[in-house]
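Participant: Sharing a structure, written as structure tokens. Questions coming.
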Amino acid sequence: MQYIPNILFLIVLVAGIGYFTKNIRKIIRNIKLGREADTSGNKSERWGNVVRIALGQSKMVVRPIAGLMHFVVYVGFVIINIEVLEIIIDGLFGTHRIFSFLGGFYDFLIASFEILALLVFIAVIIFWLRRNVQRIKRFLSPEMEGWPKNDGNLILYFEMVLMTLFIVLNAADLQLQNIGAEHYSRAGSFPVSQYLLPLLDGLSESTLIIIERAAWWLHIIGILIFLNYLYYSKHLHIILAFPNVYFGKLTTPGKFKNLESVTKEVKLMMDPNVDPFAAPPEGADAAEAPAKFGASDVMDLTTTQLLNAYTCTECGRCTSECPANQTGKKLSPRKIMMDTRDRLQEVGANIDANGSFQDDGKQLLGDYISTEELWACTTCNACVEACPVSIDPLSIIMDMRQYLVMEQSAAPTELNVTMTNIENNSAPWPFNQMDRANWIKE
């Protein structure tokens, strides 16, 4: 009978981690539906970005208030969960505060955990007030209605409950230590939970044990629920931010990729000495044209772009910096990433249901992202610069534009005129080639 709690704990732990692993495997599978991205080389620079951007939160603190609070929650969440290791060991082996043999250092750890828990609780309340009372503009966009808004609040409630359970657990434990209860040896320092002791005065030992055990179980079960909730939440970035920053684009900001086959054709077209009807020289390299230009659905995007979509935390910094959005255009870089993720999830569910993807008559272009959104982009790169975790909405926009132009000939009239002029006049202006140098005479 004495081992029943340990067996129950093992079952809960295996079930929680197992379900999480199953869902993470789905995410990896979905990301691999994209085209392979070249992320080789520059390992030192990539690891430097992980340390500076993902660990150091360097791009978060550009906005000091939100950045500081996020840093508190981030550090608190990471450090406090070191205690989860102790909880797991205690749960599996029936021990109590197994790391208490560390003595004074253990006291320091528990005291640090409590102070951080209090700071996290305060920061979470401020976050909630900013969203629901102050109603900051970037949280009020149309794409944030419904589940995204509820998700943002739900995660805050989760964190409040977990921090409260942690403090209550310690308060009950401290009171049991004070009354000399068996199995509750003196261990830890409790600078925050000690102020809850007046609420526990007069309670019997059995009642205190029930409170302590209930808070302990709810705390660990809450952590496992939170872990599995990440799959359905924007807060998946807690895990994915690190690989996303590592695989982030390292090229000069604003530099676009070029297709070799297209570049070669343009160079030939712009060279007045080339006979377009002449056969290529023997042995000349021919750039192979891709099977499809650009992207119309998530399978046409790269694995890095799909990882970007899963990493997006919907903070809205990209959209708040977007000049097109600021002037009332329909474009929202955040929505581009959310739509990409939603479509990818839909494709994944299709695979789960059918074993392999079956055409559902939908695609990212048109069903999720409109051409109006795509052509509103000024390609200024502000969204990429603003993202705290190196997400690149612009690359998805440009790939979908390429599909519209090169596969569907569906460019805006102004762009079609420009491209026609380049084709006919070797310049974007509607001047005869013979008249191109007339400006010199003026």
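The values are calculated or read from the model by the stated rules, or taken from the named source; none is laboratory data. Just so you know, these numbers come straight off a predicted model, no measurement behind them. No Cβ is skipped: glycine too gets one built from the backbone with ideal geometry, and neighbour counts run over all protein chains shown. The accessibility values were calculated without ligands, DNA or RNA, using every heavy atom of the protein model including side chains. Shrake-Rupley method; radii C 1.70, N 1.55, O 1.52, S 1.80 Å.
Participant: Filter segment 319-341 for residues that are open to solvent by 70 Å² or more (accessible area, probe 1.4 Å) and either under 20 Å from Lys149 (Cβ atoms) or in contact (Cβ under 8 Å) with a residue 12 or more places away in the chain (or both) and give the result.
Facilitator: Residues of segment 319-341 open to solvent by 70 Å² or more (accessible area, probe 1.4 Å): 321, 326-327, 329-330.
Hits for segment 319-341 are Glu321, Lys329, Lys330.
Participant: Separate question: If you check every pair at least six apart or on different chains, which have Cβ atoms under 7 Å apart with a residue in segment 80-102 that is of a type outside the set (Asp, Glu) first and a residue that is outside any loop (DSSP other than H, G, I, E, B) and open to solvent by 50 Å² or more (accessible area, probe 1.4 Å) second?
Facilitator: Between residues of segment 80-102 that are of a type outside the set (Asp, Glu) and residues that are outside any loop (DSSP other than H, G, I, E, B) and open to solvent by 50 Å² or more (accessible area, probe 1.4 Å), the close pairs are Ile89/Ile98; Leu92/Leu10.
Participant: May I ask you to list the residues in segment 27-61 that are surrounded by 14 or more Cβ atoms within 10 Å (Cβ to Cβ), modelled with pLDDT of 90 or more and in a loop (DSSP other than H, G, I, E, B)?
Facilitator: Scanning segment 27-61 gives Leu33, Gly34.
Participant: Where residues in segment 181-217 are under 20 Å from Leu102 (Cα atoms) and of a type in the set (Gly, Ala, Ser), which of them is farthest from the chain's Cα centre (by Cα)? Give the steps one after another, and end with the answer.
Facilitator: Our first condition is that a residue be under 20 Å from Leu102 (Cα atoms); within segment 181-217, this holds for 183-191.
After this cut, where a residue has to be of a type in the set (Gly, Ala, Ser) as well, the list is 185, 187-189.
On the way: Ser185: 43, Ala187: 39, Gly188: 36, Ser189: 36 Å.
Taking the candidates together, the pick is Ser185.
Participant: A follow-up question, please. From Asp360, Asp352, Asp367, Asp392, which residue is within 16 Å of Gly34 (Cβ to Cβ) and among the acidic types (Asp, Glu)?
Facilitator: Numbers: Asp360 fails: within 16 Å of Gly34 (Cβ to Cβ); Asp352 fails: within 16 Å of Gly34 (Cβ to Cβ); Asp367 fails: within 16 Å of Gly34 (Cβ to Cβ).
Step by step, each of Asp360, Asp352, Asp367, Asp392 is checked, and only Asp392 is within 16 Å of Gly34 (Cβ to Cβ) and among the acidic types (Asp, Glu).
Participant: Among the residues in segment 7-19, are any within 21 Å of the chain's Cα centre (by Cα), over 19 Å from Leu227 (Cα atoms), open to solvent by 90 Å² or more (accessible area, probe 1.4 Å) and not basic (Lys, Arg)?
Facilitator: no
Participant: Evaluate the following for Pro142: is it open to solvent by 40 Å² or more (accessible area, probe 1.4 Å), assigned by TED's automatic domain parsing to the domain that holds Asn228 and out of contact with any Cys (no Cβ under 7 Å at 6 or more places or on another chain)? Spell out how you get there, then give the answer.
Facilitator: Details: open to solvent by 40 Å² or more (accessible area, probe 1.4 Å): yes; assigned by TED's automatic domain parsing to the domain that holds Asn228: yes; out of contact with any Cys (no Cβ under 7 Å at 6 or more places or on another chain): yes.
When the stated conditions are applied, Pro142 passes them.
Participant: Would you check which residues across segment 195-219 are surrounded by fewer than 14 Cβ atoms within 10 Å (Cβ to Cβ) and of a type in the set (A, V, I, L, M, F, W, C) and list them?
Facilitator: Result: Leu199, Ile210.
Participant: Considering only segment 342-355, state which residues are free of Cβ contacts under 8 Å to residues at least 24 places away in the same chain and open to solvent by less than 60 Å² (accessible area, probe 1.4 Å).
Facilitator: Here is the first cut: in segment 342-355, the ones free of Cβ contacts under 8 Å to residues at least 24 places away in the same chain are 346, 349-350, 353-355.
Residues satisfying the conditions are Glu346, Ala349, Asn350.
Participant: Please determine whether any residue of segment 180-194 is in contact with a His (Cβ under 9 Å, 6 or more places away or on another chain) and open to solvent by 30 Å² or more (accessible area, probe 1.4 Å). Steps first, please.
Facilitator: Restricting attention to segment 180-194, the residues satisfying the condition of being in contact with a His (Cβ under 9 Å, 6 or more places away or on another chain) are 183-185, 187.
Those still in the list that are open to solvent by 30 Å² or more (accessible area, probe 1.4 Å) too: 183, 185.
Yes, the conditions are met somewhere in segment 180-194.
Participant: Every residue in segment 366-425 that is of a type outside the set (Gly, Ala, Ser), open to solvent by less than 30 Å² (accessible area, probe 1.4 Å) and modelled with pLDDT under 90, please.
Facilitator: Matches in segment 366-425: Asn421, Asn425.
Participant: State which residue is nearest to Gly94 (Cα to Cα) when the search covers only segment 1-21 and only residues that are touching a residue at least 12 places away in the same chain (Cβ under 8 Å) and hydroxyl-bearing (Ser, Thr, Tyr).
Facilitator: Filtering first and then ranking leaves Tyr3.
Participant: To continue, here is another question. Residue pairs, Cβ under 7 Å, 6 or more apart or interchain, first in segment 160-180 and within 14 Å of Phe226 (Cβ to Cβ), second in a helix (DSSP H, G or I) and open to solvent by 20 Å² or more (accessible area, probe 1.4 Å). List them.
Facilitator: Met160/Phe121; Leu162/Ile223; Met163/Phe121; Leu165/Leu218
Participant: Could we say that Arg131 is under 30 Å from Pro333 (Cβ atoms) and either open to solvent by less than 70 Å² (accessible area, probe 1.4 Å) or in contact with an Asp or Glu (Cβ under 9 Å, 6 or more places away or on another chain) (or both) here?
Facilitator: On the way: under 30 Å from Pro333 (Cβ atoms): yes; either open to solvent by less than 70 Å² (accessible area, probe 1.4 Å) or in contact with an Asp or Glu (Cβ under 9 Å, 6 or more places away or on another chain) (or both): yes.
Spelling it out, Arg131 is indeed under 30 Å from Pro333 (Cβ atoms) and either open to solvent by less than 70 Å² (accessible area, probe 1.4 Å) or in contact with an Asp or Glu (Cβ under 9 Å, 6 or more places away or on another chain) (or both).
Participant: Name the helices (runs of 4 or more DSSP H) wholly inside segment 234-336 in which the number of residues that are at pLDDT 75 or above, under 30 Å from Val73 (Cα atoms) and of a type in the set (A, V, I, L, M) is 3 or more.
Facilitator: On the way: elements: 237-246, 260-270, 303-311, 317-321, 323-326.
Filter on segment 234-336 gives 237-246, 303-311.
Participant: Let me ask something additional. Is it the case that segment 105-123 has a residue that's open to solvent by 40 Å² or more (accessible area, probe 1.4 Å), of a type outside the set (A, V, I, L, M, F, W, C) and over 30 Å from Leu10 (Cα atoms)?
Facilitator: Checked against the condition, which is being open to solvent by 40 Å² or more (accessible area, probe 1.4 Å), of a type outside the set (A, V, I, L, M, F, W, C) and over 30 Å from Leu10 (Cα atoms), segment 105-123 yields no hits at all.
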